[in-house]
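Quick notes on the structure that follows.
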Amino acid sequence: MPISARVGGGNAAGNNVTLTVGDATSPDNLVNESFGDAAGSEATIRMDRNGSVQELTLSPTEESDDIARESLEHAIFQTVYGVVALPSEPVGVGAQWLVEQPIVSATEILQSTTVTLRERNGDVIVLDISVEQKPTLDFFDIPGAGRVLIDSFDSRGSGSITVDLTKPLPTDGNVDVRGEQQYSDPDSGFRVRQRTGMSLAWTTD
């Protein structure tokens, strides 16, 4: 899913950034067909000066159906979770800090991102990223289907991004997160194993 960004008015509190969805594709045929009317959908994020996201507003096209809207929401949330907040105090090369943020899904997942300042050249810095996701509960509730137990949950990844401190979003880089989870029905004992993955790439025209 290609997403372009443009920066709106900024002030001492931060910046407004508008994300516009391009021609998205999916290996799922049903989702892929739904994406046909989703191009041009937008999302607006309000960001603090340190890079943290304070507010997200989604605006899908009127033609987008429920399948496209859900997929767009998931992808844009992943983009927001890939934005790294910077320390409020000055730091030097080699500094390391931890960013923790909840990911709301069927159950709440805590994403812990360890960030290391690898390089700095004027206003341009390179950050190494290490990501780990863990559920805060050992179950989640499926609407209309009951409770499912989380038997195992492993999700982690890494990458690096380049940040121009004069701009609100990364200008280059990649982050890749992969995972494997197993769930079970406490009544029947039926088990399901799934593999998940998310790749986020930043580029500048």
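The values are calculated or read from the model by the stated rules, or taken from the named source; none is laboratory data. Treat the numbers as computed from the prediction; the structure is a model and nothing was measured. Glycine gets a Cβ as well: all are built from the backbone with ideal geometry, and neighbour counts include every protein chain shown. We work out accessible area using only protein heavy atoms, side chains counted, and drop any ligands, DNA or RNA first. Shrake-Rupley method; radii C 1.70, N 1.55, O 1.52, S 1.80 Å.
Observations
- For the chain, with all protein chains in place and a probe radius of 1.4 Å, 47% of the accessible heavy-atom surface sits on carbon or sulfur.
- Computed FRET value (nearest 0.05) for Leu30 with Ser52, which takes r as the C-beta separation and R₀ as 35 Å: 0.50
- When only Cα pairs below 8 angstrom with a gap of at least 6 residues are kept, region 26-147 shows a relative contact order of 16 percent.
- Radius of gyration and Dmax over the Cα atoms of the chain, both given in Å: 18.5, 60
- Dimensions of region 76-153 along the principal axes, based on C-alpha atoms and rounded to the nearest Å, stand at 55, 23, 18, largest first.
- Enclosed volume per residue, in Å³, of the convex hull spanned by Cα atoms of region 83-205: 118 Å³
- In a fully extended conformation the segment linking Leu137 and Ser112 would gain 7.4 nm over its present Cα-Cα distance, using 0.36 nm per residue.
- Between Gln194 and Leu165, the contour length at 0.36 nm per residue exceeds the Cα-Cα span by 6.6 nm.
- Region 41-68 and region 128-184 have Cα centres separated by 19 Å.
- For the chain, the per residue solvent-accessible surface stands at 58 Å², with DNA, RNA and ligands left out and a 1.4 Å probe.
- Sparse-neighbourhood loop sites, GluC sites (Glu not before Pro) in region 61-134 - DSSP loop, at most 10 other Cβ within 10 angstrom: Glu62
- Percentage relative contact order, the chain, counting C-alpha pairs under 8 Å, at least six apart: 12 percent
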